Structure formats: C-alpha cells, structure tokens
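The values are calculated or read from the model by the stated rules, or taken from the named source; none is laboratory data. In this text, all values refer to a predicted model and were calculated from it rather than measured experimentally. Here the Cβ is made from the backbone with ideal geometry for all residues, glycine too, and neighbour counts use every protein chain on show. The area values use the complete protein model at the heavy-atom level, side chains included, leaving out ligands, DNA and RNA. Shrake-Rupley method; radii C 1.70, N 1.55, O 1.52, S 1.80 Å.
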Amino acid sequence: MKFNPHLFMIFLGITFVSFNLRVPITSVGPITNLIQAEYSLTNSMAGFITTLPLLAFSIFSPFVSRISHKFGYGLTMLGGLILIILGELIRSYTDVYGLFIGTMFIGLGIAIGNVLIPSVIKHKFKKNVGSIISIYITSMCIFAALGAGISIPATDILGWNTSLAMWVVLAFITLLIWLPQLKKSEEYNNSEDLAIEKIMKSKTIWKSPLAWWVTLYMGTQSLLFYTLIAWIPSIIIFKGLDNHFAGMMVLLFQLVGLPATLLVPIIANKIKHQKLIATIISLNYLAGMIIFLITTSSFGIIISMVFIGIGMGGSISLAIGFITQRTPHAKKAAELSGMSQSVGYLLAAVGPILLGFMFDITKSWTSSIVVLIISTILLILFGLKAGKAELTHH
C-alpha cells in the first residue's frame, strides 16, 4: 500500500486529539477532595465539576456539525483544542469561578472532538473505518486511565493545580500536529458526499427511529460509565474495603476494557449486523453488575470489575461504531454523532447525581446498583435495535 503523507497526518492528528478527550475529566476524580477543601465546596458543588463537562457535551454537540460545515473540520477542531488549553489553564490558576468556567471551556472543546472525529474517520478512511475507530477509542481510554492513575502521584509532587494543568502540554502538541488540517478542510465536500446530501437535504436525523436507538444506546452506556467512574470508590469503601483498593479498582475496570475497545470496532465493521456482539457485551456488563451487588469480598469485587470492564470497553466502541455504520455518508455521521452525544450525555449527566441522591435517602448503595442493573438490561434492548443492518433514512 502506497504511503499517503496527508492521510498519515490526519491519522496522527486523530490519535493525538483522542488523547485529550477524557484525561481532563478523569484526572479530576481522584483529587476532588483537595479541590473541595481548597474552595470550601459542598458535595453537590464538587459533584458538579464532573457533571459540568457532560452538560457542555449535551448542549453544544448538536451545533458542532453545523459549525464544521461552515468552517471546515480542520478549523473547527483547532478551535476545540484552543478551548481545552484555555480551560485547563483557567481551571487550575484562577479562583473558584474560574474552576467552573475553565471546566465548561474544557467540556465545549471536548464536545467538538467527540462529534467531529467519527465523521472525519468515516470520510477519510472509508476502507479502514473499524481499525481507525478502534485505535481512536483505545487511545482515548488509555489516557483516561492514565489521567486517573497518575493524578494523585502528580499532585504529591506538583500540587493539584499543576497536576491538572500539566495536560496543557499534551493539548499544545496536539494543536501543532493538527495544523496541517487547516489547508485540507475543503476536501471534506467530495462529490459522493454532496450527491447523497442533495437527495437527503430536506430530511432531519432527529426523525429517524434508528437514530434514536443509536442515541439511546450511546446515552445508556455513557450513563453507566460516568456513574461508575464517580461512585465505584464510594461503593467499595461502603462494602468495608480500603481507599487504596477502591482506587485500584477504578483503574482496573478501565484497563480491562482496553482489549474490547481495540477488538470490537474491527469485528463489528466486518459483520452485517451487530445484534449478537451488542448482546454479548451487555451480558458481560450485567454479570459484573450482579456480582458487584452481592459480593463483599475483594476477590468478588475484582471479578465484577473484570466483567464490567469488558462491558464498558465494548459498549463505548460499539456506540461510536454505530455512528459510522448506521449513516450513509460523513455529513450524516456528523449529524448522528451530534444527536447521539447531545441526548446521550444529558442522560449520562443524570446518573451520578441520581445515584448520589438515592444514597443520601436510603443510606445504602443497593438500590443504586439495582438502577445500574436495570440500565444494563435496557442496554441489551437498545443494542438489539441499534445493531440492525440498516441506514438512517432521514
């Protein structure tokens, strides 16, 4: 295969963008108590630091494809990276208002990457969509786990402000690698895309039932992921295990998910429909949740995290994969990406708050885990519907 420097630079750009799409969020969780102490925040205000980026994703995602159509994907993504850089600096080095303003900027910047990258992959790598998506998601998840894993050691050395702000270096390197895309954005409109768009211009993705099933799948897996990231340590400590073990389990379930994030898009892209693979992934999730509900031993929790990790890694890969597999061309993929992430992250934002509220009322995590089990059963249903070998007709 002939080496294409333009495609290589896009691939490199996509990979580096993926490094920045979770780490500014996952690096906060382990040091929330220090931020809370610094600014005398209540528990609900501290929780809002995690929820705010999800709300930014939800509100801003539907507008990203329109902005991209107007300015090109290259310039739009550059704007997203600048927002992440500014947000990380404002969050770390201003005051309590800057903490929330910076977090919102980060959320807006990440929203641009979340929506644009699946569309760019579909447009530029038509023959290798599954492989590129698997690399994109795996890279994102590796840095998500890395952010959570090194946050406390980095804080011990640098202080919490600089441990969060150090990711600016990564975002700035990404910005430099992305610069060549500013010249190439006009290629986004090729004749094939424009011909299909002309036929479908009058139709909106929001009226497609299939688009709604993809959106519900995206939303449910996001709710499960962000709720687990927020509350797994508290649940494990409540079961009588120590803080260190709880932190290791958050890292474990993310690391266990990596092989699934790598393999699932490649497998899913080679089969006609994805109903069976979606069901297998969700059954792993379900098994892990049931074990997590009933076990109190460290061994039982480790086993539950392995099953949950496989379910988590597989379901996020499949959710992104559905965006490219259920759409006929790149612009429609950008619309479905915006729709599924707008509604999906709004749903995800509810999860951590709802479970915390339920614990405050019941003083037990049992009913909260039951809610997650019900969510996993719904994920099976949504996967069966979203996994059909069809395209969105609107």
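So here's what we get for this one:
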item: Cα gyration tensor of the stretch 219-363 - equivalent ellipsoid semi-axes, whole Å, descending; result: 30, 18, 11
item: Stokes-Einstein D (µm²/s) once Rh is taken as the Kirkwood radius of the stretch 2-96 over alpha-carbon pairs, at 4 °C in 1.567 mPa s; result: 82
item: Test item: Cα-centred dipole of the chain, Lys/Arg +1 and Asp/Glu -1 on Cβ, debye; result: 1500
item: Kirkwood-Stokes translational diffusion coefficient of the chain, alpha-carbon pairs, 37 °C, 0.692 mPa s, µm²/s; result: 156
item: Most fluctuating residue given options Glu335, Glu38, Glu88, as computed from a GNM of the chain linking Cα atoms under 10 Å; result: Glu38
item: Inter-part distance where the stretch 111-140 and the stretch 298-317 are each reduced to a Cα centre, Å; result: 24
item: The stretch 265-330: relative contact order as a whole-number percent, Cα under 8 Å and 6+ apart; result: 37
item: Percent RCO, i.e. relative contact order, over the chain, from Cα pairs under 8 Å lying at least 6 residues apart; result: 26
item: Modelled label reach - Thr42, point 7 Å along Cα→Cβ, the stretch 342-369 residues with backbone N closer than 17 Å; result: 353-361
item: In Å², nearest 10: area of Leu52 left accessible to a 1.4 Å probe; result: 10
item: Leu146, Leu41, reordered so the largest accessible area comes first (probe 1.4 Å); result: Leu146, Leu41
item: Where Rh is the Kirkwood radius over Cα pairs, Rg/Rh for the stretch 298-394; result: 1.05
item: The chain, helix-only ellipticity at 222 nm - DSSP H runs n ≥ 4, -39,500 (n - 2.57), divided by all residues, nearest 500; result: -28000 deg cm²/dmol
item: Solvent accessible area, Å² - Ile152, 1.4 Å probe, full protein context; result: 80
item: Portion, in percent, of the accessible area of the chain that falls on carbon or sulfur, probe 1.4 Å; result: 72
item: The stretch 40-135: relative contact order in percent, alpha carbon pairs under 8 Å with at least 6 residues between; result: 32
item: Gain upon complete extension [Lys239, Ser131; 0.36 nm per residue less C-alpha separation]; result: 34.9 nm
item: Which of His273, His244, His6 is most accessible, then next, and so on - probe 1.4 Å; result: His244, His273, His6
item: Surface per residue (accessible, 1.4 Å probe) for the stretch 319-358, Å²; result: 22
item: Sequence of Ser163, Ser40 from largest to smallest accessible area, 1.4 Å probe; result: Ser40, Ser163
item: Surface per residue (accessible, 1.4 Å probe) for the stretch 1-55, Å²; result: 46
